[in-house]
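The values are calculated or read from the model by the stated rules, or taken from the named source; none is laboratory data. Here the structure is a predicted model, which is why all the values come from computation and not from measurement. Positions of Cβ are backbone-derived with ideal geometry, glycine not excepted, and every protein chain shown enters the neighbour counts.
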Amino acid sequence: MSTRIDDDGAVVYDLDGTLVRLAVDWDAAASDATAVFDEADVDVTGADLWSLFETAPEYGLAEDLESILASHERRGAEDAMRLPHADRVPEWSVPVGVCSLNAESACRMALDRHGLLDHVDAVVGRDSVATHKPDPEPLLATIDRLGAEPSAALFVGDSERDAVTAERAGVAFEWVDDG
């Protein structure tokens, strides 16, 4: 491990692209999401999946869209591919958490599939708290559940959104590499 964490610290990982790669058919998820808007007679021509997700609350479609996305992510978790960084999870002597933009249930399924769930002390998904990354709330909630302070934690991720989340939360950040 390249980063040292004090005994009172914690390590939090992003999930998809960091520990595993979910086998989600995002095109099918987007198609199903678009159908929800079509049924509500809302024109979303040209919108991507994330835009649909962010727009859903203003049309009262948030619960429907969350259900659709979570279902696709759970199916993707069943065939998730383990990534090299996952091997680091059991090596930490401090509490370990996962903070993800994916549904908590999908995170837990993917972690369990690869024997990692028993090594993870807290899982916060997109649906676990009121906001989502890059808002710092999900990361701070994960760290709080681990009993650590943000200044003593490390967030490991694969995206600019992860880096921004860490910065906003006052948490050290480490980019995943090729293993």
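From the list 24, 12, the lone residue that is in a loop (DSSP other than H, G, I, E, B), touching a residue at least 24 places away in the same chain (Cβ under 8 Å) and crowded, with 17+ Cβ neighbours inside 10 Å is 24. Would you call residue 86 out of contact with any helix residue (DSSP H, G or I) (no Cβ under 8 Å at 6 or more places or on another chain) and buried (at least 21 other Cβ atoms within 10 Å of the Cβ)? Taking the combined requirement at face value, the residue satisfies it. For region 82-97, a residue qualifies if it is assigned to a loop (DSSP other than H, G, I, E, B) and either touching a strand residue (DSSP E or B) at 6+ places or on another chain (Cβ under 7 Å) or without any contact (Cβ under 8 Å) to a residue 40 or more places away in the chain (or both), and the qualifying residues are 83, 92, 94, 95. Quick check, is residue 123 at pLDDT 95 or above, under 13 Å from the mean Cα position of the chain (by Cα), outside any helix (DSSP H, G or I) and not assigned by TED's automatic domain parsing to the domain that holds residue 43? The answer is yes for residue 123. Here residue 102 clears all of (1) assigned to a helix (DSSP H, G or I); (2) closer than 13 Å to residue 23 by Cβ except the condition numbered (1). Exactly one residue out of 70, 110, 103 is touching a residue at least 12 places away in the same chain (Cβ under 8 Å) and more than 22 Å from residue 35 (Cα to Cα): that is 110.
Of all residues in region 125-143, those that are basic (Lys, Arg) have Cβ atoms under 8 Å from Cβ atoms of residues that are not in a helix (DSSP H, G or I), 6 or more apart or on another chain, in 126/100; 126/101; 126/102; 126/103; 126/132; 133/99; 133/101.
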